[in-house]
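Notes follow the structure.
Please treat every number below as a calculation from the coordinates, not as lab data. Small disclaimer: the values here were computed from a predicted structure and weren't measured. Cβ atoms come from the backbone with ideal geometry, glycine included; neighbour counts cover every protein chain shown.
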Amino acid sequence: MAVLIDETTVYVIQGLTGKEGQRAAEWMKNGGAKIAAGVTPGKGGQTVLNIPIYNTVAEAVAAHPEISASSIYAPPQFVKEAAVESLEAGVPFIHIIAENVPTRDIVEILERAQTSGTRVLGPSSVGVACPTSVVGSLGGGTFDGFYFADDQHPGVAVISKSGGMANTLVHVLSAAGIRQSTVIGIGGDRVVGTTYADILPDLLEDDQTQAIVILGEIGGSYEEDVASAVTAAQHKKPVVAYISGIFAETLPKGVSFGHAGAIVDAEVGTRKSKIEALSAAGVIIASDPQDIVKQLENIVQL
Amino acid sequence: MLLTEYEGKQLLATAGLQIPKGQLVSFDVLEEISFPDKCMIKAQVLHGNRALNGLVKKAESRAEAKSLVAEMATKTDRYGEPFTDLLIEEVTTFSSQWYVALRYDTKRRRLVCDVSAEGGMGMDDRGGSIQTIELSVLTAPVSFDTFPSLLPVIQKMWQVFILNDAVLVEINPLVETAEGFVCLDAKIELEDAARFRHPEWKTISRAAGEKKRSKLEKKALAISRSDYQGVAGESFFEFPGGTIGVLASGGGASALVMDGLLQSGLRPANYTEYSGNPKKEKVAELTKLVASLDNLEGMLVVGSTANFTDIYETLSGVVEGLLASPLGNQTPVVIRRGGPRWQEAFEMVQERLPKERFDVHLLGPDVPILDSVIVLRDVLQKKQNNKGRW
């Protein structure tokens, strides 16, 4: 059992004929993903990596009704159009990797997604990797660095704004002999479709997940929302969080650094406010990424 | 992109909102200005709390207006930057002041309207009076139950917000007069990411008062925007007095590395970042820029274990930039990277960087990111000790 995606997930890749789309699709196949179709307007009828290309998502879904997720590799100016196609075709899960998608476009996608009950991951999300499937480009085509959990051997779930930090932590955890149940990049934008707190209930119910690691940073309130979600949860599991931002807070207020969402306005979204809220909720705060391993070793039976 | 009060008010007026009669003037044409009997004199700078900083004044007569303007000409904005423009406006008589703002709420992930019947100066202290109402980006509001009389204003603000891809449209105060609602001050921020939809933004001249980009910051931005693939130098900060040239990769890892540098006592000369699989030419230009900073004692090239950035391609850029830089004399260069083709990339770096110019330390994905900072610190320490001995 996994969250967001599993071995039954069947993908359509929007933008499969492009360089980035093709590369991600190859990598996803390496990770066990089932890709039924690709979509690029005007290129219907072609095949890429032996995958049939359609002009629209509606055509792809008509030909492959088993499609249950879309992963979008369109440049930022075309992301909204692409996502709306998937929403209208009834695809229940949409992953968006592009950075620099205008906030108006993502908010419009989310408003429409609420109406249709669609789950959106991203924008600027590196994707998800779980023992039986992968979406996006986590791992960069090789899963050698991963040490996945299975039914007999549970592990930890990693949720990160940064894709690079998620991948880095995976290597560190594997080296320490700590398995991963699922690794999720939620993206570092101001407004994202799925937050840490949105995934938390799923992870608390997931048998393969023993503990949860949150990689956070300054700006916004998604880390603080974890604190409320942890407090409200019926079923408890240990949560370890690392929040960067000592340097970022030396910059003038309103300056974004690293990720678009890493902006501090007034006293909202500071490293201190996040750490205080999380500590109060019983979340264990790690002082740096290596410390995450030490903290986990104290609480997880390896 | 933050707009000045004047620029913001022009957008509001285009949507049919009322603004006071006024004119934008520069200090260099002051002789030609005809002041009204009573007027407001407002510096066009890009930060808030202008009145508290003496940058908004009320003149009771033409003579006072002239002397206030002369005084204003000697001032700088809050950041110490000079400014060039003033907005001279007629004085508006009003019965009540409101605060109204449209913005995106990160927590709700929706467009919201913040509204308070207690608008005006010092809003920071009256935050408790603000009510927040969710709006749709798909359809204009058709009702506003909180304060029904404000509906026409909110509808016009919504139009300005959506059509201009704003992330903030704030009117404070919005005042009620005998002629209806008038926008006395405006703060509007447009979203750079939506630039592709707005060719007209090219003509917005950036008024004085914005935290200015240094020459290097501008150069780095130009490198980053030289093509669409990835970023390299999109954000660039210079720290005079620093001795470590920094080339970070990945939004999350770069924050971690800078935290590590500060905690280890090393002083970064800059911060910049490349990511999203940029071409090697872009990385080479950015590397050259960083490696040409004054007083560098070492270079730190560090990133997370990349998911899709080609490490061979990007480190080729780093090598070319270093070779074209003035650095030499065994400058320590610590590189910590992992991701697609990292082993190949490390062999290439070893081969191409001459030992007499660079003291290269290569750390792979199995080495913690923060260890790169410690390695660099130790190498520099050793170099310092050797120097002392001679």
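Considering only beta bridges that DSSP places wholly inside chain A, some 25 percent are antiparallel. Cross-link partners of A:Lys19 among aspartates and glutamates, defined as those whose alpha carbon lies under 19 angstrom from its own and excluding same-chain residues fewer than eight positions apart: A:Glu99, B:Asp227, B:Glu281, B:Asp310, B:Glu313.
Hey, which of these cross-link pairs are over 30 Å Cα-Cα: A:Lys80/B:Lys282; B:Lys21/B:Lys66; B:Lys187/B:Lys282; A:Lys272/B:Lys9; A:Lys43/A:Lys161; B:Lys202/B:Lys280? Provide the component values of the computation, followed by the final result.
Numbers: A:Lys80/B:Lys282 28 Å; B:Lys21/B:Lys66 18 Å; B:Lys187/B:Lys282 35 Å; A:Lys272/B:Lys9 37 Å; A:Lys43/A:Lys161 33 Å; B:Lys202/B:Lys280 28 Å.
Exceeds cut-off: B:Lys187/B:Lys282; A:Lys272/B:Lys9; A:Lys43/A:Lys161.
Build a GNM of chain A with springs between Cα atoms under 10 Å apart, and of A:Asp144, A:Asp198, A:Asp291 the one that fluctuates most is A:Asp144.
On full extension of the chain, what length is gained from B:Leu163 through B:Leu52, given 0.36 nm per residue of separation minus the C-alpha to C-alpha distance?
Details: separation 111, 0.36 × 111 = 39.96 nm, distance 3.27 nm.
Gain in length upon complete extension: 36.7 nm.
So the label point goes 7 Å from the Cα of B:Phe147 along Cα→C-beta, right? Which residues of segment B:154-179 then have their backbone N under 19 Å from it? Zone members listed by number: B:154-161, B:168-179.
Between A:Gln234 and A:Lys294, what length in nm is gained on full extension when 0.36 nm per residue of separation is reduced by their alpha carbon distance? Walk me through the numbers on the way to the answer.
Working: separation 60, 0.36 × 60 = 21.60 nm, distance 2.64 nm.
This chain segment gains 19.0 nm when fully extended.
Taking each residue as 0.36 nm, the span from B:Lys38 to B:Gln263 lengthens on full extension beyond its C-alpha to C-alpha distance by 75.4 nm. If you keep only loop residues by DSSP, which trypsin sites (Lys or Arg not before Pro) in segment B:213-249 have at most 10 other Cβ atoms within 10 Å of their Cβ? For trypsin sites (Lys or Arg not before Pro) across segment B:213-249 that sit outside H, G, I, E and B with at most 10 neighbouring Cβ atoms in 10 Å, the list is empty. Computed from the C-beta positions of B:Arg195 and A:Asp207 and an R0 of 56 Å, the FRET efficiency is 0.75 to the nearest 0.05. Take each peptide in B:280-288, B:353-361, count the other Cβ atoms within 10 Å of every residue, and average; sorted highest first, the result is B:280-288, B:353-361.
Can you give the helix-only mean residue ellipticity at 222 nm for chain A, where every DSSP H stretch with n ≥ 4 adds -39500 (n - 2.57) and the sum goes over all residues, rounded to the nearest 500 deg cm²/dmol?
Numbers: 9 runs with 98 residues, N = 302.
When only DSSP H runs of four or more count, the value is -10000 deg cm²/dmol.
Give the aspartates and glutamates reachable from B:Lys57 as a straight Cα distance under 13 Å; neighbours fewer than 8 places away on the same chain don't count. Answer for B:Lys57, where 13 Å is the Cα cut-off: B:Glu71, B:Glu89, B:Glu90, listed by chain and number.
Between A:Asp150 and B:Leu30, the simple spin-label model (points 7 angstrom out along Cα→Cβ) gives 8.1 nm.
With chain B treated as a Gaussian network of Cα nodes joined by springs under 10 Å, which of B:Glu191, B:Glu179, B:Glu238 yields the largest mean-square fluctuation? Comparing B:Glu191, B:Glu179, B:Glu238 in a Gaussian network model of chain B, the most mobile one is B:Glu179.
Can you put A:Ser137, A:Ser86, A:Ser228 in order of Cβ neighbours within 10 angstrom, beginning with the fewest?
In order of increasing Cβ crowding within 10 Å: A:Ser228, A:Ser137, A:Ser86.
Between the alpha-carbon centers of segment A:67-142 and segment A:157-172, tell me the distance in whole angstrom. Cα centres, segment A:67-142 to segment A:157-172: 19 Å.
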